[in-house]
1. Has region 59-73 got any residue that is in contact (Cβ under 8 Å) with a residue 12 or more places away in the chain, in contact with a helix residue (DSSP H, G or I) (Cβ under 8 Å, 6 or more places away or on another chain) and in a loop (DSSP other than H, G, I, E, B)?
2. Among 6, 68, 116, 14, which is the only one that is under 14 Å from the mean Cα position of the chain (by Cα) and surrounded by 17 or more Cβ atoms within 10 Å (Cβ to Cβ)?
3. Which residue is surrounded by the most Cβ atoms within 10 Å (Cβ to Cβ), if the candidates are limited to region 27-50 and must be free of Cβ contacts under 8 Å to residues at least 60 places away in the same chain and not aliphatic (A, V, I, L, M)?
4. Exactly one condition in (1) charged (D, E, K, R); (2) surrounded by 13 or more Cβ atoms within 10 Å (Cβ to Cβ); (3) in the same structural domain as residue 33 (by TED's automatic domain parsing) is not met by residue 85; state its number.
5. Identify all residues within region 44-57 that are modelled with pLDDT of 95 or more and either over 24 Å from residue 205 (Cβ atoms) or of a type in the set (A, V, I, L, M, F, W, C) (or both); write none if there are none.
Amino acid sequence: MIDNKLLHNLTLELDKCVPENEHLNHDGLSGFFYALAITPAIIEPSDWIAELFYGERPILTNKQSKDLKKAVAAVVKSSNKALLKNELKFPYDFSALDDATLDKVWHWCAGFLQGLYLRLAFWKSGIIAKETQQASDVVSNSVDIIFALVEGNVSVLKNLDQLKAQLQLAGKEPTDELILATLLQTLPEAYECIRLFAAQMSERLLARQAESA
């Protein structure tokens, strides 16, 4: 996991820049930097710093900018260190979910999705499906699960009809609310699928770079 003290410090620095509802909160920041860390290609801060403010970067004083960059650099370093140690596991325990934890999970997913959007074409490329000659790509589907949970929109799911049929067979009315509750239970697996895909692509990239060298 990313160092919680560093995430807390970054949250405090963001609070000094804008009201707390105008930037990612602690869990949102965690999700965002998870996504940033696992993305194989390096993404420069200039391409994502505004995302901490939901895409609207405010005008900052020199001190605010300096302090923010320092706090951001510390979190980036921590997230990269956690990645190298294979510690970026899904950060929530689903054995006992309460409303407070569900709220944290939603914010984490929202931040994670923001991070994925920085290179969405990569995550939705369908590489695995093409290589395995499958009709549906598990990585793209995992991204759709996270999108559905964040936006409350199940229409993006490619297997929506199948999910509805399964619920009907179980004697349940396939409402959007029930479908989303079902998806929530698959969230840890969806994240792990995305993470493992990223790790695999990183290994391929390093191998190609070694061959070129």
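The values are calculated or read from the model by the stated rules, or taken from the named source; none is laboratory data. Note that the structure is predicted; figures quoted are calculated from it, not measured. Here the Cβ positions follow ideal geometry from the backbone for every residue, glycine too, while neighbour counts run over all protein chains shown.
1. Yes: one or more hits.
2. So the residue among 6, 68, 116, 14 that is under 14 Å from the mean Cα position of the chain (by Cα) and surrounded by 17 or more Cβ atoms within 10 Å (Cβ to Cβ) is 116.
3. 45
4. (2)
5. Scanning region 44-57 gives 48, 49, 50, 52, 53, 54.
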